[in-house]
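The values are calculated or read from the model by the stated rules, or taken from the named source; none is laboratory data. Values in this document were obtained by computation on a predicted structure and should not be read as measured data. Ideal geometry is used to build each Cβ from the backbone, glycine not excepted, and the neighbour counts take in all protein chains shown. The accessibility values were calculated without ligands, DNA or RNA, using every heavy atom of the protein model including side chains. Shrake-Rupley method; radii C 1.70, N 1.55, O 1.52, S 1.80 Å.
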Amino acid sequence: MSILHARPLAHPHVELDEHLPVDHRLSQVYRFSAALMGLFLVAFGILGTVHRIGFFGTGPHTALGLNTNGALSILSVIVGAVLLAAAVKGGNTASDVNMILGIAFLLAGFAFLFTLDSRFNFLNFRMQNVLFSFGVGLLLMTGGMYGRVSGGLPHDNPYWRSRHEQ
C-alpha cells in the first residue's frame with residue numbers, strides 16, 4: 001500500500017462532558033477568563049449606552065478608551081452577559097463559550113481592520129478597537145483551551161486519555 005492510499009488514523013470522538021468532571025480544577029480557569037472579559041464588556045457597553053450615542057453613529061465617542069456607538073454598546077452588553085452566564089455555569093460550557101467567542105473576536109478584529117475608514121465600519125471601530133478585539137480573542141481562546149490543547153499533558157488528564165485510548 002502506498003503512502004497516498006494509506007488509511008487515515010481513526011480518532012475517537014471526544015465528548016467533553018464525559019471526560020471532565022463538573023468540579024475539575026480547570027473549571028476555575030475557564031470561569032475566571034469568561035468572568036473577567038464579561039465584566040469588562042458589560043461595563044464598556046453600559047458606559048457607551050449611558051452617553052446616548054447614536055445607534056450607528058460614527059465619531060470620536062469613547063468609553064474606557066475604545067471608540068463606540070449605540071450598536072457596539074448593546075452588542076458588548078449582550079456578549080458580556082453571555083460570558084458571565086458561561087462563568088456561572090462553569091466547566092465545559094465556559095471553556096466552549098470562551099473558545100467560540102475568542103474566535104469570533106479574532107474574526108471581528110480582522111473584519112473591522114479591513115473596514116476602517118469606510119462606510120462599512122458600522123460599529124465605529126478604530127485601530128484601538130481592532131487591537132482590543134485581537135487581544136480579547138487571544139485571551140478568551142487561551143482561557144478556553146487551557147488544559148485541553150497541549151503537547152505535554154499529564155497522563156491522568158482526561159483529554160490525554162481520550163486521545164490515547166486503544
Counting only helices (runs of 4 or more DSSP H) entirely within segment 79-166, those with at least 3 residues that are at pLDDT 80 or above and farther than 13 Å from residue 31 by Cα are 91-115, 127-145
Quick check on segment 89-109. Is at least one of its residues open to solvent by less than 90 Å² (accessible area, probe 1.4 Å), among the basic types (Lys, Arg) and either in contact (Cβ under 8 Å) with a residue 12 or more places away in the chain or over 18 Å from residue 45 (Cα atoms) (or both)?
no
Would you mind stating whether residue 38 is in contact with a helix residue (DSSP H, G or I) (Cβ under 6 Å, 6 or more places away or on another chain) and at pLDDT 75 or above?
yes
Does at least one position in segment 129-139 carry a residue that is free of Cβ contacts under 8 Å to residues at least 24 places away in the same chain and open to solvent by 40 Å² or more (accessible area, probe 1.4 Å)?
yes
Residues of segment 54-76 being touching a Leu at 6+ places or on another chain (Cβ under 9 Å) and crowded, with 19+ Cβ neighbours inside 10 Å, in sequence order, are 63, 66, 67, 68, 69, 72, 73, 76
